[in-house]
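Asks: One structure coming up, written as structure tokens, with questions to follow.
The values are calculated or read from the model by the stated rules, or taken from the named source; none is laboratory data. Predicted model, so just to flag it, every value in this text is computed and none were measured. Note that we place each Cβ from the backbone using ideal geometry, even for glycine, and neighbour counts take in every protein chain shown. Accessible surface areas use protein heavy atoms only, side chains included; no ligands, DNA or RNA. Shrake-Rupley method; radii C 1.70, N 1.55, O 1.52, S 1.80 Å.
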Amino acid sequence: MRRYVRVALLCLGCGLCSLLYGSSQLALEHEPGGGKPQAPDPAAPVRRQRAGGGRAAAAAAGGSAGRGEPELPDRCKNLSISYWNSYWMLPSDVCGMNCFWEAAFRYDFMKTQPAEKMHLAVVACGERLEETVTMLKSAIIFSIQPLQFHIFAEGQLHNSFKGILNGLPYQGKFNYTVYPITFPTESAAEWKKLFKPCASQRLFLPLILKDVDSLLYVDTDILFLRPVDDIWSFLKKFNSTQIAAMAPEHEEPRIGWYNRFARHPYYGITGINSGVMLMNMTRIRRKYFKNDMTTARLQWGEILMPLLKKYKLNITWGDQDLLNIMFFHNPESLFVFPCQWNYRPDHCIYGSNCKEAEEKGIFILHGNRGVYHDDKQPTFRAIYEAIKKYSFGDDLVNFLLQPLELELQKTMHTYCGRIYKVFIKQLTKSIRDIYDRRSKRS
């Protein structure tokens, strides 16, 4: 019994000491006699300036544009209030009088900040103008947060891109920059002829877009069937070692290419497909990569050319093969997302083999091998044509979804057409979500 009494007295004493200490911290902010606020501390602005400079420097070092703390009016001596909650002791340099009000102000201020932009990059050469615009159009239709497009294109396509994008509505929903195709001067010829014209440009994006923290790269033959926001959210799921995310090249090893034919190392069981590649480019620029060319680890800009020189006679799919080699040696650096985020003809032409798509629908459609432009896979072509023909402002159900479903029903003689409802399952939900958001705003 005496033991319990001692414990109770000890707890009571600790509580009383904490209360007295808190009161003493509050008293520091006021004159002892009259209860008037103390005169301003002349050193406080200097401390605030130094603290703010430190935050700005930290943000710059981290490379995450727009992710630092916002500037707040000078209410407290120090903004360490941002890490205070009701279960902790107030720091001595935080004003006790305004702490609750300041916390509420900070929350409201954060809510009014502009949404973070999602950066999307694409490389277009040759006859890829229409295909690229259709991809960008699908991103604009379904996405929620603002988009920043980084378009790398041959010179003769620049004016066409600008003319088309400047004429699109919803200008506040996206911005864009058009860049020339750029390779290292000393090896430009080798990179240009690798696989397809300009395809290897994506390998140099972390070195060109130095001020971009994170980026979603997609091929021109991609169509978004749900918001870009959703794949962008994978960045928050990266662990401390992961720098990029891609989907497997195949789900079924019996029809896999890498595991049957590759003459070089590749990631995992069936390799990875780089047509949809989400990157934390700050981490990519900082990482030192293990490799099979030297015992020293090499940074991104140092490893590309040696890889090409060693494997150029053994690779078939160009830059995608080089990425497979890199992540074979650095598997801890890759986040793998499911097949419905990069759904290709191989997932259905021999029978359905993407279980995630069967359950939840296709999120991103990848019409590789030119299937948007021939009659080999009419299911893929039907979706491409529907989005290409859709006009902004038209009703999405009557002018996109319903005509598309009628066209898809005509493709049931093919393996992919037999599961056409998988192709519109997520699309239907995305359209319904758009109307739900509009109704909530009205």
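Asks: Taking H placed 1.01 Å from N in the peptide plane, check which residues at least 5 places from G271 or on another chain put their amide H under 5 Å from its amide H.
Replies: E249
Asks: Now for a separate question. Can you tell me how much longer the chain between Y179 and R437 gets when fully stretched, taken as 0.36 nm per residue apart minus their C-alpha distance, in nm with one decimal?
Replies: Numbers: separation 258, 0.36 × 258 = 92.88 nm, distance 3.41 nm.
Computed gain between Y179 and R437 is 89.5 nm.
Asks: So between K117 and Y350, what do we pick up on full extension, going 0.36 nm a residue minus the alpha carbon distance?
Replies: 80.0 nm is the gain from fully extending K117 to Y350.
Asks: So, by mean Cβ neighbours within 10 angstrom, what's the order for 254-261, 139-146, 293-300, 391-398 with the highest one leading?
Replies: 139-146, 254-261, 293-300, 391-398
Asks: Then there's this: Starting from the 7 Å offset along Cα-to-Cβ, what nm value, one decimal, do you get for the label separation of D394 and A296?
Replies: About 5.9 nm separates the two model spin labels.
Asks: Continuing with this model, one more query. Net charge around K389, counting only other residues with Cβ within less than 13 Å of its Cβ (Lys, Arg = +1; Asp, Glu = -1)?
Replies: -1
Asks: Would you please state the base-10 log of I(q)/I(0) at q = 0.11, 0.17, 0.21 1/Å for the stretch 285-442, with intensities from the Debye formula using one equal scatterer on every alpha carbon?
Replies: After summing over all Cα pairs, the log10 values are -0.63, -0.98, -1.24.
Asks: Further question on the same structure: Please give the length that would be gained between E186 and E130 if that part of the chain were fully extended, namely 0.36 nm times their separation in residues minus their C-alpha to C-alpha distance (nm, one decimal).
Replies: The span from E186 to E130 would gain 16.9 nm if fully extended.
Asks: Could I ask something else about it? Taking H as built 1.01 Å from N, whose amide H comes closer than 5 Å to the amide H of F337, not counting residues under 5 places away?
Replies: Amide H neighbours of F337: M246, A247.
Asks: Now for a different question. How large is ³J(HN,Hα) for each residue in the stretch 116-128, as worked out from phi by the Karplus curve 6.51 cos²θ - 1.76 cosθ + 1.60 (θ = phi - 60°), to whole Hz, x for Gly and Pro?
Replies: Calculated HN-Hα couplings, in order: 5, 7, 9, 9, 10, 10, 8, 10, 10, 9, x, 8, 10 Hz.
Asks: Can you give the net charge of the other residues whose Cβ lies under 11 Å from the Cβ of Y311, counting K and R as +1 and D and E as -1?
Replies: +2
Asks: Roughly speaking, to the nearest percent, how much of the stretch 206-352's 1.4 Å accessible area is carbon and sulfur?
Replies: Ligands and nucleic acids excluded, carbon and sulfur reach 53 percent.
Asks: Per residue of the stretch 342-359, what does 6.51 cos²θ - 1.76 cosθ + 1.60 with θ = phi - 60° give for ³J(HN,Hα)? Whole Hz please, x for Gly and Pro, Karplus curve as stated.
Replies: Per-residue couplings from phi come out as 7, 8, 10, x, 4, 7, 9, 6, 10, x, 5, 9, 10, 5, 4, 5, 4, 7 Hz.
Asks: Another question, then. Cα-Cα over 21 Å: which of K360/K389; K355/K421; K196/K236; K210/K237?
Replies: Details: K360/K389 26 Å; K355/K421 14 Å; K196/K236 33 Å; K210/K237 23 Å.
Result: K360/K389; K196/K236; K210/K237 exceed 21 Å.
Asks: Then there's this: Using a 1.4 angstrom probe, figure out how much accessible area the stretch 191-288 has per residue, in square angstrom, rounded to the nearest whole.
Replies: Per-residue accessible area for the stretch 191-288 comes out at 39 Å².
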